[in-house]
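Heads up, the thing below is written out as structure tokens.
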Amino acid sequence: MTKRSTHAADFETRLRRLLGDAGVEVLAHGERGSGRPDMEVRADGRSFAVELKTAAENRVEILHGLMAAALLQARRHAAQVNATALPIVGVANLTDRSIAAVAGFMAREAPEAAWGMLDLHGSFVLRGMPSGEIAASGERSRQAQRATLRDRDPFSDLGQWMAKVLIARRLPSELLAAPRVRVRRARELARFAEVSEPTSARWVKLMRAAGFLDDVRGELRLVRAREFFDRWQKKCGAQARHEVPARFILPRGKTHEQLEFATAKFAHENTVAFDPDDPPRYEGQLRWKAGPRACLALFEASRALGYTFVDGAPIHMYLEDVSDESLRHFELERAPADQARVRVIQPRWPEALFRGIVMRQTRIGSAVPTADVVQTWLDVLDHPVRGREQAGEIEREALAKWIFSESSDGQRP
């Protein structure tokens, strides 16, 4: 087994420290030649396979080549450990110019990918992470990284999921899959939502400080819900979607029906009721037979949920990993925009989305994984094809009735 050079080891030591200061958990540290990633880390419930490359100088062509190599290797390792690729390049001196050079390269070649850069002076940047961008400069790095976006933002990936858990008791189970249980404190929320206790504690503290949590009735309860949802939608609407135009390799019949058949094959629903002694299992929670997670999205989800308002809208699906291999899993392939029949979205907040999706009977007569009602409202509101009208229908028939009403007793069946 080949040992790491002292130079590379210095960067890895610095990287582990910077990741730890930023609240990213380092799970494992590999060895060169082992066939495993340099590091395996976890952030906001997601695992990442890290591949670190180092450069002696900041020439653009060198940075591009190293990032490309790191990305390819990180993707290969990520597939082996069921994680997301995280390529990182270490340089002698991290500058705005070198960051911009790599950012431009990644925007062109892998716009959906997370990536990072660092130097040995304490400068550090991570882009595309679940909690948003993490950055620090020089000796101020530790203090800056402790105040990451995750600690200040209630709408991180797991933050959005915890919000769905708290409102689940107000909604019918066919509109949102989540534990329907009274949550009294942050520790219980961590258990029921399957997040770490520090993550839950930070989120509850932040929500209390913002005035969106009330526990005077002996349970954590979302209040000022309309204002909270407005802020939630502004956060989601401000983030551009990564969409891939696609078509079926062998078209058969109507596109929306073929999409429903394709997504219905790989998921099934738990039939047991929620058991407080086994919180990872709850009524409606989906189990996946094979392949990446996927579901109907936007107007197709609205229709499946029973809120049909807009006809002739684009057909969307969510897909956890929008790669050629994943598309083929659903009998799809990339297509020119003018030939596309389906718009495939890679979610920015996958846990908030996929943990809450529901199985709905659709026009094909099969149960199809579908984005939950809250997610669908968030997604369609700013869509240019009459999205506001569709969101208004969902708001009138579901959100206003069961969530925005402060008199709601939270005792939906």
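The values are calculated or read from the model by the stated rules, or taken from the named source; none is laboratory data. As the structure is a computational prediction, the values presented were derived from the model and not from experiment. A quick note on method: Cβ atoms are made from the backbone with ideal geometry, for glycine too, and the neighbour counts reach across all protein chains shown.
If you go through the range 40-73 and keep only what is surrounded by fewer than 18 Cβ atoms within 10 Å (Cβ to Cβ) and acidic (D, E), you end up with E57, E61.
On the stretch given as the range 19-43, residues that are modelled with pLDDT under 75 and not in a loop (DSSP other than H, G, I, E, B) total 3. Among the numbered conditions (1) closer than 22 Å to G128 by Cβ; (2) crowded, with 18+ Cβ neighbours inside 10 Å, the only one that A193 does not meet is (1).
Got a sec? Which helices (runs of 4 or more DSSP H) wholly within the range 287-377 have at least 1 residues that are closer than 22 Å to V165 by Cβ? Please lay out each step first, then the result.
Numbers: elements: 298-305, 324-329, 350-354.
Fully inside the range 287-377 and qualifying: 298-305, 350-354.
For beta carbons closer than 6 Å, sequence separation of 6+ or different chains, a first residue in the range 88-113 that is within 28 Å of W349 (Cβ to Cβ) and a second that is of a type in the set (K, R) and not in a helix (DSSP H, G or I), the qualifying pairs are V89/K53. Scanning the range 74-85 for residues that are within 11 Å of S47 (Cα to Cα) and exposed (fewer than 14 other Cβ atoms within 10 Å of the Cβ) turns up just one, N82.
Residues in the range 359-370 that are touching a helix residue (DSSP H, G or I) at 6+ places or on another chain (Cβ under 8 Å) and crowded, with 17+ Cβ neighbours inside 10 Å: how many? The total comes to 6. Restricting the search to helices (runs of 4 or more DSSP H) fully inside the range 104-171 and requiring at least 3 residues that are at pLDDT 90 or above and not hydroxyl-bearing (S, T, Y) gives 157-167.
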